[in-house]
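Accompanying notes for the structure given below.
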Amino acid sequence: MQNQSFVPSSNFFPIESLPIELIKIILTKVDWESLQKSRLVSKLFNNIIEQNFSQMQKPRVKHLIFRTLNIGPNWKKIAFFCGLEKNINIIQNITINTHNKPFNDKKIEYYFKRMNFSKLDYLKISSTGNIDAFNILNKYFKSKTKIRYLEIDIKMYPILESLTAFLKKIKHVKYFRIKNICLGNEKIPHDYTLPKIKSMKALYIDECNCTKFINSRMINKIFEQNKNLNYIEIYPNRKNIDTKLVKLIVERQNSSYFEKCNHSNICLYLPIGDEYNRNTEFERLFYTTNYELKEPFEVFSITAQKSCEKCFSKKIIKVCFAKNFINFRFCPFLWIPKDIYLLYCIETI
């Protein structure tokens, strides 16, 4: 049988003949790699994609390190590292002259509007000086964002409002670290609470001497909303936060869930005082409970335990005392790719 050339039927017509709104809907269903090729189909396709980019599919950001800092009286720097799916990495250093000029983030917009920030493995935000990193990121992060490991480092700038707006977009975080938070003497409500974030397993917060960020209501809300939180390391400026925490932990261990005992063991790190004494600290933290001091004794930690009257298992609370420059005791880098780990350690951006 001879090959016959294709002859279009009378019903055949090019896709460009479709209504623009219908073409737009079709393009929103196209995966991000194919979408780049679709731009080459015609000028019409390219224009539709560009004009409706917020609705198009984008490559997912897996890792993001975003840093803002002052480098001179009128000079600022924004640096970011993005690790995308398909092993695509983007590193940018942007220097800005702010002398009598409004801040322009067009270069950041060029990259970030083409990215999907809905589910990140690792996010570090470092904001130093008077460029508000959260005000920038709030444009590109959508609600219900999921993050495995989130680290925030704020120095010398009052950005509580934009920080709160950013955290409201976060639905799930497993490992949450707020490092040396310094809001430049900004007045923080004494009952301020973090927006509702679920799924936390570990929490680290330490404060600059000028900032009173942690309060009893905040700790209570975090504990209520995160049933699997079993590692807490905090260094607050307010007093009695530690006794509040121990009380919450004891209440959780005494609770039950569907008639099953809830005895998940918890590790708590607190600041060490100049006159630290293990026995004194045990009495101060556990004097209203029936927990006993477990042997063997350790110099800078307390292990309190109690037997459950229902299931006879041990309820254990370990309290360690340390200076606040000590990092997380678990290793987040076990699951962070090597290139991210190196960037994190040597801070090349």
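The values are calculated or read from the model by the stated rules, or taken from the named source; none is laboratory data. All figures in this text were calculated on a predicted structure; none of them were measured in a lab. Backbone-built Cβ (ideal geometry, glycine too); neighbour counts: all protein chains shown.
Each residue in segment 90-106 was checked for being closer than 30 Å to GLU33 by Cβ, surrounded by 13 or more Cβ atoms within 10 Å (Cβ to Cβ) and in contact with a strand residue (DSSP E or B) (Cβ under 6 Å, 6 or more places away or on another chain), and 4 of them qualify. Being among the basic types (Lys, Arg) and either touching a residue at least 24 places away in the same chain (Cβ under 8 Å) or more than 29 Å from TYR235 (Cα to Cα) (or both) is a property that LYS107 has.
Between TRP32, TRP75, which is aromatic (Phe, Trp, Tyr) and modelled with pLDDT under 80? Spell out how you get there, then give the answer.
On the way: TRP75 fails: modelled with pLDDT under 80.
Exactly one residue qualifies, and that residue is TRP32.
Using the structure shown, decide if ILE272 is within 24 Å of ARG238 (Cα to Cα), in contact with a Phe, Trp or Tyr (Cβ under 7 Å, 6 or more places away or on another chain) and surrounded by 14 or more Cβ atoms within 10 Å (Cβ to Cβ).
So ILE272 passes the test.
Within segment 181-196, residues that are assigned by TED's automatic domain parsing to the domain that holds TYR235 sit with their Cβ atoms under 6 Å from residues that are among the hydroxyl-bearing types (Ser, Thr, Tyr), at 6+ positions apart or across chains, in these pairs: ILE181/THR211; CYS182/THR211; LEU183/THR211; GLY184/TYR157.
All conditions in (1) among the basic types (Lys, Arg); (2) in a strand (DSSP E or B); (3) surrounded by fewer than 16 Cβ atoms within 10 Å (Cβ to Cβ) hold for LYS174, with the sole exception of (3).
Just one of the listed residues (GLU161, GLU85) is closer than 30 Å to LYS29 by Cβ, modelled with pLDDT under 95 and acidic (Asp, Glu), namely GLU85. Of the helices (runs of 4 or more DSSP H) contained entirely in segment 211-297, those carrying at least 3 residues that are within 30 Å of ASN185 (Cβ to Cβ) and either touching a residue at least 24 places away in the same chain (Cβ under 8 Å) or in the same structural domain as THR193 (by TED's automatic domain parsing) (or both) fall at 216-225, 241-253.
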